[in-house]
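The values are calculated or read from the model by the stated rules, or taken from the named source; none is laboratory data. Since the structure is predicted, the reported quantities are computational estimates derived from the model, not experimental observations. Cβ sites come from the backbone with ideal geometry, for glycine too, and all protein chains shown count toward neighbours. Heavy atoms of the whole protein, side chains included, go into the accessibility calculation; ligands, DNA and RNA do not. Shrake-Rupley method; radii C 1.70, N 1.55, O 1.52, S 1.80 Å.
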4 protein chains.
Amino acid sequence: MVPGFLTRAVAVLLGREGRSLHLKAAGGATVVLVLVMLGGAWAVTAAEEGAHGANLTSYPQGLWWSIETATTVGYGDFYPVTLWGRVVGAVVMVVGITTYGMVTAALATWFVGREERRRDHTHRLREETRALHERFDRIERMLAGERGGAD
Amino acid sequence: MVPGFLTRAVAVLLGREGRSLHLKAAGGATVVLVLVMLGGAWAVTAAEEGAHGANLTSYPQGLWWSIETATTVGYGDFYPVTLWGRVVGAVVMVVGITTYGMVTAALATWFVGREERRRDHTHRLREETRALHERFDRIERMLAGERGGAD
Amino acid sequence: MVPGFLTRAVAVLLGREGRSLHLKAAGGATVVLVLVMLGGAWAVTAAEEGAHGANLTSYPQGLWWSIETATTVGYGDFYPVTLWGRVVGAVVMVVGITTYGMVTAALATWFVGREERRRDHTHRLREETRALHERFDRIERMLAGERGGAD
Amino acid sequence: MVPGFLTRAVAVLLGREGRSLHLKAAGGATVVLVLVMLGGAWAVTAAEEGAHGANLTSYPQGLWWSIETATTVGYGDFYPVTLWGRVVGAVVMVVGITTYGMVTAALATWFVGREERRRDHTHRLREETRALHERFDRIERMLAGERGGAD
């Protein structure tokens, strides 16, 4: 649910969908991820503050935790132990994974577009059509010559 | 094996493959993932219950564990120690990874489709064909004029 | 290096590249991954056996470790401590990640193919060509009629 | 930000973008990843040296840490505890993830290209055009025959 929602949210937020959606979606998701990581670091330390067995007690620790969580590394040196800390963690994880998915998909779209331009279907179409136009030219000359011959 | 099976299962379950398969597959896989996470949280706590060294002892813990497992973060604060708990864990991992793969692939398909529409091969084809139709019009007029001139 | 090598190895091993390479590559990679996980579980326990601080001491533990390693979850309940155990670990990680990449890429190719068939460029091409053939029919009738009229 | 930057850096560094960008990007990213892992292993042990609670104290340990970090496994047997060690860790994580994204995207592009060649739009285009050329031949023969008949 959440990944789909994020996708749509990014598409709607960016608004102007006219040009290269994939670059804007990947860029937008990266910006959202950085904001979620910065905000999540603050939110998780606020949620964990004073909890029994909490190990996320300062903003620098929270930032390191949000980096290793968003990248899904998860060493286990820091992790939330409260309900709200874990909700923040789940959001950071999902936003992180969705962003990597978007960057991967945008790269694929970029590569596919480059390959298409190399194979150049449009160029082929133009070439085939030019050959047909030459046939038309020839028939028109034949018709014109015939008419001339009929005079 | 399992990812391929899941893929086919989702395709079969959704049944109506007529329209934008990628959106339905990504949406369906997300739904399956949420169900597997909710069910896995229950199944793992049931499997681990009373086992020596078990640390997954309540449903809320199980849910947090299934979230960090499906996202492949794996802090190591909770993990199954019994055979059946680990089987549940393997299922949650594989379903999670396959879902992210599907969401990424669906995003790529969406982006590629947008790019194709922008480059608009069909528009080019139409334009080239219109030029050919104009040549036909001209030849028909020449033929009609010639016949008229022959009267 | 290794992902590229694996890709080529799978392509070469499968040999008959004539039909839907992506399905065969994803399927082949999944088979390779399962074999690497089964073999890696054995190899890692053999490498770790008797080492100081080793925690991977039985095949079932090794299998659970290779599952959580290939899926990149890595709880940290089991991990290799010897050189060769870590070499095995690196292989399991890289094969796992490459397999998920292949499955994701195969899903994207499948989805893109479905979308293409829906938009149906070929159908458009056929329709446009049929219109041109109708113009030819008409010109031929005009020419035949003219000749008939000339008799 | 960083993934986008890396993407552009690889594209610029490789310079000659004329042929199969996706293979060069995936290959280049893999080379960069290996260099970052080798360099990161050295950098993290240098940063961690003598720090309170540091567990990354030798190059072999650093190398194992950079492998499990770049693959996002993160067992938690080794992790940086200093600011600069964590900066190195963040770089290794992001480069690792971006590389897998590139390899996945390059695989998708490769698969899509193979599928396109199988469906062979260009072949269809050629066939349709040949049929039109045959119609031209026939009309030219009709025109030539008519002219001959008029003599």
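Look at the dipole of region A:56-143 built from charges on Cβ: of A:Pro80, A:Thr129, A:Trp65, the Cα furthest out on the positive end belongs to A:Thr129. Given +1 at the Cβ of Lys and Arg, -1 at the Cβ of Asp and Glu and no other charges, the dipole of region B:26-126 around its Cα centre is 800 debye to the nearest 20. The three principal axes of the Cα atoms in region C:79-135 give end-to-end lengths of 78, 14, 5 Å, sorted in falling order. Counting only protein heavy atoms and using a 1.4 Å probe, the accessible area of A:Leu33 comes to about 10 Å². Ordered shortest first, which distances in nm separate the 7 Å Cα→C-beta label point of A:Glu140 from those of the other copies? Relative to the other copies, A:Glu140 has label-point distances of 1.7, 1.7, 2.3 nm.
Placing a label point 7 Å from Cα along the Cα-to-Cβ axis, C:Leu38 is separated from the same position in the other copies by 3.6, 3.6, 5.1 nm, shortest listed first.
Once you divide the Cα radius of gyration of region A:42-151 by 2.2 N^0.38 Å, the number left is 2.51.
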